[in-house]
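This report concerns only the one structure given below.
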Amino acid sequence: MTSSRDPLLIIENLTVDIPVASGILHAVRDVSFTLERGEVLGIVGESGSGKSISSLALMGLLPASAKRAASKLEFAGRDLLAMSDDVLAREITGERMSMIFQEPMTSLNPVYTIGRQLTEVMLLHGKGNEREARERALYLLEKVGLPNAKTRLEQYPHQLSGGQRQRVMIALALMNEPELIIADEPTTALDVTVQAQILRLLTDLCDEFNMAMILISHDLGAISRTADRVGVMYAGQLVETGHVKDVLEAPQHPYTIGLLSCTPKMKDNSESLLGTIPGMVPSLVGEVKGCAFANRCAERQNECLHRSPPLREFAGAMGGIRRSRCILKPGWDGEAKAEGLDVAERVNVKDITKTGEANVLSAKNVACHFNVKKSLFGPAQVLRAVDGINLDLRAGEILALVGESGCGKSTLAKLLLGVEQPTAGHIQLDGQDLMATASFERARRLQPVFQDPYSSLNPRKTIGQSIGRPLDLHKIGEATDRRREVERLMELVGLPRRLYHSYPNQISGGQRQRVAIARALIMKPDILICDEPTSALDVSVQSQILNLLLDLRAELGLTYLIITHDLSVVDYMATRIAVMYLGQIVEVGLKEKLIHDPSHPYTRILLDSVLKMEPGEKIPKTEIGGAFPNALAMPSGCRFHPRCPLAIDKCRRVAPELGTDNVRCHLSSEISSRTTEMVPSVSGVEKEVPA
Amino acid sequence: MEKRHEIADHSAASADEVPEELTPRLLMKRRMFRHKGFLLGTGLLFLLVLLAIFAPLIAPFDPFDQVLSRRLLPPVWAEGGGWEHLLGTDHLGRDYLSRLLYGARMSLIIGLGAATVGCVIGVTLGVCAGYFGGRIDQVIGYLLTCQLALPGLLLAMSLVFMIGPSVPVVISVIGLLHWTYYLVVTRAATMQIKQLDYIAAARTLGSSHSQIIIYEILPNLLNQIIVIFTLEIGIAVLAEAALSFLGVGIQPPIPSWGLMIAEGKNAMYYRPWLVILPGIAIFIMVISTNLMGDGLRDVTAPDNRS
């Protein structure tokens with residue numbers, strides 16, 4: 001991938017200090033790396049590890065109070081340290097170095113057309129006149145896979161979908177032919193199918209224009225397939241760098257090993273539990289004594305607590321220099337450790353539940369339609385968020401509900417919880433109508449765990465109050481009993497007792513999610529409905545929560561419905577999977593069958609889009625066309641046909657039913673008999689514009 | 001499983017040790033006594049209340065006693081002022097200090113009372129509009145538009161005129177006219193909070209609407225309500241001045257700070273103290289409620305708990 005071998009970017013001993021109320025936050029500590037032209041450097045790390053701050057430091061975008069220092073900061077032979085902000089903005093950033101941000105929904109200005117925003121970048125740097133800028137914008141829009149570029153120029157950001165906006169952002173970053181692109185979590189806000197397309201586009205563009213890229217992500221799968229070299233950041237430091245294959249396949253630093261063991265791999269059918277990294281990221285305020293990772297490290301030695309570890313350099317197996325900031329000598333049995341970590345067996349579920357076939361919760365032809373009025377006197381449109389769903393939840397199983405954002409999975413969760421009233425059909429809890437059961441009765445059977453642990457707890461109530469609230473509400477027990485019960489639950493979910501009087505803002509995201517789980521469990525329900533329970537959490541915390549859910553299930557015999565878009569979580573947790581598309585279930589099946597032999601084209605594409613961790617592999621070409629359609633304008637016939645690579649004429653006219661094989665597709669019988677080959681189609685091209 | 005929990009427990013416990021029973025109430029008390037602004041504001045307000053209650057004991061003169069020969073005396077520090085009347089006298093020769101002390105009673109009662117009446121109306125409507133939405137929101141929105149379109153002072157005048165001026169009437173009329181800020185702010189905040197998952201969690205627990213509003217929503221609106229409340233106290237005192245000036249508020253000769261400003265207005269150009277002194281009094285009262293409000297917000301706000 002790399003053609004020339006002169007370093008484009010040299011960073012030596014970069015530090016960023018940000019003064020905060022409680023002292024000085026050492027956000028980036030002593031980071032050094034070089035970047036060749038055309039090279040892709042992936043930076044991984046959990047939130048708060050300083051990966052975004054270091055890139056902002058390069059772009060001169062730090063908050064005004066932050067202090068940046070480095071012994072060397074050189075870009076294409078020019079010293080960035082000696083450069084004033086003005087010169088940096090005029091000559092380097094936006095022109096030779098540009099950035100793609102995480103949130104495509106907010107990084108474009110909503111009041112200007114796409115065309116204006118694109119041409120502005122070029123005109124601002126005096127790289128050409130209006131006409132040239134327009135031509136370049138047209139060329140790039142086509143390059144990034146947006147057809148009808150001419151009409152796009154006149155459109156406003158709100159007329160484009162998230163994926164399309166991110167493509168515009170990429171075009172924007174490329175306007176001045178930069179030599180370096182910094183992409184900060186460019187696909188985190190996007191659906192899996194779009195993620196694969198965007199990452200593929202970025203790497204292809206890097207190859208084509210010989211650009212270097214710094215790709216910042218928490219997603220090891222994405223990094224493994226895009227980066228040439230990887231840097232692992234922890235607590236403001238680069239703890240390990242090296243060739244992507246070296247670092248991810250033969251990790252040296254205990255943190256890298258831990259991170260890898262936490263990530264669900266979707267590789268085999270292993271029944272082992274995910275690894276975890278105990279504890280939390282340390283506060284970076286004030287001086288960090290010794291190794292920042294020491295308190296979470298499984299290999300901790302006494303010395304680690306007092307002395308900062310040396311940065312060891314050694315040759316990687318795949319060439320290039322590797323660095324690891326650890327007291328352990330290169331070549332210690334890190335690899336063996338990485339393999340051996342997966343020893344904890346997960347408890348076999350079949351032993352716990354004997355009633356595996358009884359339906360506890362079932363939805364029968366459930367629909368939920370909303371009337372949407374665009375203006376006061378405009379006609380009401382019907383939004384079919386959930387449209388005729390039949391789904392059974394069997395006692396003791398973990399049913400995963402998968403789908404892209406906007407497919408109605410959260411609405412279905414609300415329906416099943418009885419928070420939302422179905423427009424048609426009914427939901428039965430143990431054969432009784434859910435809406436007819438009293439709300440207290442319902443609360444004792446069904447409890448939710450929500451996605452965002454920051455918004456699922458009342459910020460004005462203490463942890464103890466939040467967990468004990470159900471007991472108060474249902475008037476169960478005396479005050480002392482309640483207190484004891486809350487403490488029992490806190491212990492069960494692994495919360496230290498001293499947090500009883502803490503407020504949600506004083507504890508970490510993972511702990512909050514534990515609180516939410518404890519609150520859900522205190523009524524001793526038998527069904528938990530988890531709506532994206534880990535998507536707001538870091539991988540190391542995610543693995544803790546997922547393992548906790550599995551443990552609790554083994555201990556209490558719970559039934560789970562897990563709603564998620566993350567297929568690796570599904571693969572790790574589920575026993576059965578239901579795939580949802582535009583308000584309908586398109587395929588239901590046992591995990592083994594669905595993951596290894598999907599029948600519906602949509603399921604197939606979803607699975608193909610998952611970026612499994614395979615260092616050095618390319619991003620797979622996904623065959624999905626179009627953007628996720630607008631639920632207000634349902635396609636005729638099969639709802640998936642506009643994006644389906646296999647669509648035939650019948651699909652456009654006749655809507656398929658969920659057949660006896662539990663697949664909603666006219667062609668399912670043919671597909672399941674075929675091999676993995678599929679008809680190639682236009683990939684990466686979005687045909688449709690959502691309103 | 002046991003083992004992993006132990007690890008999590010251990011590492012969290014090693015972070016920092018907090019003594020066992022530090023209840024939130026105890027911590028809040030501690031924060032209160034450490035918050036300088038809160039202490040200053042509460043102290044000042046407490047002092048004002050004391051002065052108002054014990055006005056008959058402290059005041060050097062009868063506030064209604066007119067000595068026309070000693071009219072418009074300047075305060076002691078100004079030229080021609082004397083120690084007898086520390087703050088001078090008004091246009092009828094009444095001792096200004098005594099009138100200020102007695103006026104504190106009226107102004108405190110009206111300021112706090114009217115702000116409370118407005119608060120109850122505005123917050124109730126705002127939370128209902130924000131929480132229930134739809135038709136209820138539209139109706140309340142319409143009410144708000146009507147209220148904003150009405151000439152407030154005119155309405156107040158006619159209302160007081162019809163019912164007859166008295167302190168409770170003045171309080172309720174001013175309160176009735178000053179709930180719009182509460183409504184606008186609490187409605188917006190409620191709509192935001194309503195979307196959050198902890199409301200959904202409360203609903204799945206079987207909480208009723210009123211339980212959700214009281215237990216989940218109102219505590220989170222406290223910050224905004226406190227800020228507006230302190231603002232409204234000042235506004236209410238001035239509104240009372242306007243009413244009194246028009247002759248439908250507090251009836252002379254009962255002193256109130258607003259009325260004193262109104263009465264002093266005629267002599268403002270050559271006896272500015274007549275307006276400045278009650279102005280300062282109002283200022284002190286508003287600033288002390290403000291400080292107390294801000295302090296209250298700080299010591300109870302979740303962001304300041306770390």
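The values are calculated or read from the model by the stated rules, or taken from the named source; none is laboratory data. Nothing here was measured: the structure is a model prediction, and the numbers come from that model. Heads up, the Cβs are rebuilt from the backbone with ideal geometry, glycines too, and the neighbour counts pull from every protein chain shown. Each accessible area value is taken on the protein alone, full model and side chains, heavy atoms only, with ligands, DNA and RNA left out. Shrake-Rupley method; radii C 1.70, N 1.55, O 1.52, S 1.80 Å.
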Within the set of pairs 6 or more residues apart or between chains, which connect a residue that is under 20 Å from B:GLY111 (Cβ atoms) inside the range B:216-241 to a residue that is open to solvent by less than 10 Å² (accessible area, probe 1.4 Å) and of a type in the set (Ser, Thr, Tyr) with Cβ atoms less than 6 Å apart?
-> B:ILE228/B:TYR182; B:THR230/B:THR289; B:ILE233/B:THR289; B:VAL237/B:SER107
Here the qualifying pairs (Cβ atoms under 6 Å; residues six or more apart or on different chains; first in the range A:230-241 and closer than 20 Å to A:MET318 by Cα; second of a type in the set (Ser, Thr, Tyr)) come out as A:GLY231/A:THR241; A:VAL232/A:THR256; A:VAL239/A:TYR255; A:GLU240/A:THR256; A:GLU240/A:SER324
Would you check if there is a residue in the range B:58-69 being open to solvent by less than 30 Å² (accessible area, probe 1.4 Å), among the aliphatic types (A, V, I, L, M) and over 23 Å from B:TYR270 (Cβ atoms)?
-> yes
Working only within the range A:99-134, note down all residues that are surrounded by fewer than 13 Cβ atoms within 10 Å (Cβ to Cβ) and either part of a helix (DSSP H, G or I) or touching a Leu at 6+ places or on another chain (Cβ under 6 Å) (or both).
-> A:GLU130, A:ARG131
Matching residues, the range A:135-175, being over 28 Å from the mean Cα position of the chain (by Cα), buried (at least 21 other Cβ atoms within 10 Å of the Cβ) and not hydrophobic (A, V, I, L, M, F, W, C) | A:ARG136, A:ARG152
Going through the range A:527-549 one residue at a time, which ones are within 21 Å of A:GLY279 (Cβ to Cβ) and hydrophobic (A, V, I, L, M, F, W, C)?
-> A:ALA536, A:LEU537, A:VAL539, A:VAL541, A:ILE545, A:LEU546, A:LEU548, A:LEU549
Residues being β-branched (Val, Ile, Thr), open to solvent by less than 50 Å² (accessible area, probe 1.4 Å) and more than 10 Å from every other protein chain (Cβ to nearest Cβ) - total across the range A:410-465 = 4
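To keep it simple, each residue is scored yes or no on (1) in contact with a helix residue (DSSP H, G or I) (Cβ under 9 Å, 6 or more places away or on another chain); (2) surrounded by fewer than 20 Cβ atoms within 10 Å (Cβ to Cβ).
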position: B:LEU154; (1), (2): no, yes
position: B:VAL167; (1), (2): yes, yes
position: B:GLY175; (1), (2): yes, no
position: B:LEU183; (1), (2): yes, no
position: B:ARG187; (1), (2): yes, no
position: B:MET191; (1), (2): yes, yes
position: B:TYR198; (1), (2): yes, no
position: B:ARG203; (1), (2): yes, no
position: B:SER208; (1), (2): yes, yes
Before we move on, is A:LEU41 over 27 Å from A:GLN542 (Cβ atoms) and either open to solvent by less than 50 Å² (accessible area, probe 1.4 Å) or more than 28 Å from the chain's Cα centre (by Cα) (or both)?
-> no
Which members of the range A:308-325 meet the condition of being surrounded by fewer than 17 Cβ atoms within 10 Å (Cβ to Cβ), in contact with an Asp or Glu (Cβ under 6 Å, 6 or more places away or on another chain) and within 19 Å of A:GLN237 (Cβ to Cβ)?
-> A:ILE321
Just name the residue that is modelled with the lowest pLDDT out of those in the range B:73-91 that are open to solvent by less than 30 Å² (accessible area, probe 1.4 Å) and either touching a strand residue (DSSP E or B) at 6+ places or on another chain (Cβ under 7 Å) or not in a loop (DSSP other than H, G, I, E, B) (or both).
-> B:HIS85
Scanning the range A:487-502 for residues that are modelled with pLDDT of 85 or more, facing chain B (nearest Cβ under 8 Å) and either open to solvent by 30 Å² or more (accessible area, probe 1.4 Å) or in contact with a Leu (Cβ under 6 Å, 6 or more places away or on another chain) (or both) gives A:GLU491, A:HIS501
Qualifying residue in the range B:242-263 (condition: buried (at least 16 other Cβ atoms within 10 Å of the Cβ), within 23 Å of B:THR89 (Cβ to Cβ) and of a type in the set (D, E, K, R)) = yes
Under the condition of being outside any helix (DSSP H, G or I) and not acidic (Asp, Glu), which residue from the range A:514-527 is nearest to the other protein chains (Cβ to nearest Cβ)?
-> A:MET523
Can you name the residue in the range B:282-306 that is over 12 Å from B:HIS35 (Cα atoms) and within 14 Å of another protein chain (Cβ to nearest Cβ) and, of all such residues, is modelled with the highest pLDDT?
-> B:ALA301
Taking into account only those residues within the range A:270-298 that are open to solvent by 20 Å² or more (accessible area, probe 1.4 Å) and among the hydroxyl-bearing types (Ser, Thr, Tyr), which is modelled with the lowest pLDDT?
-> A:SER270
Is at least one residue of the range B:34-47 surrounded by 18 or more Cβ atoms within 10 Å (Cβ to Cβ), outside any helix (DSSP H, G or I), within 26 Å of the chain's Cα centre (by Cα) and at pLDDT below 90?
-> yes
Run A:ALA298 past the list (1) over 23 Å from the mean Cα position of the chain (by Cα); (2) more than 14 Å from every other protein chain (Cβ to nearest Cβ); (3) in a loop (DSSP other than H, G, I, E, B) and report the number of the one that doesn't hold.
-> (2)
So how many residues does the range A:470-486 have that are open to solvent by 30 Å² or more (accessible area, probe 1.4 Å) and assigned to a helix (DSSP H, G or I)?
-> 8
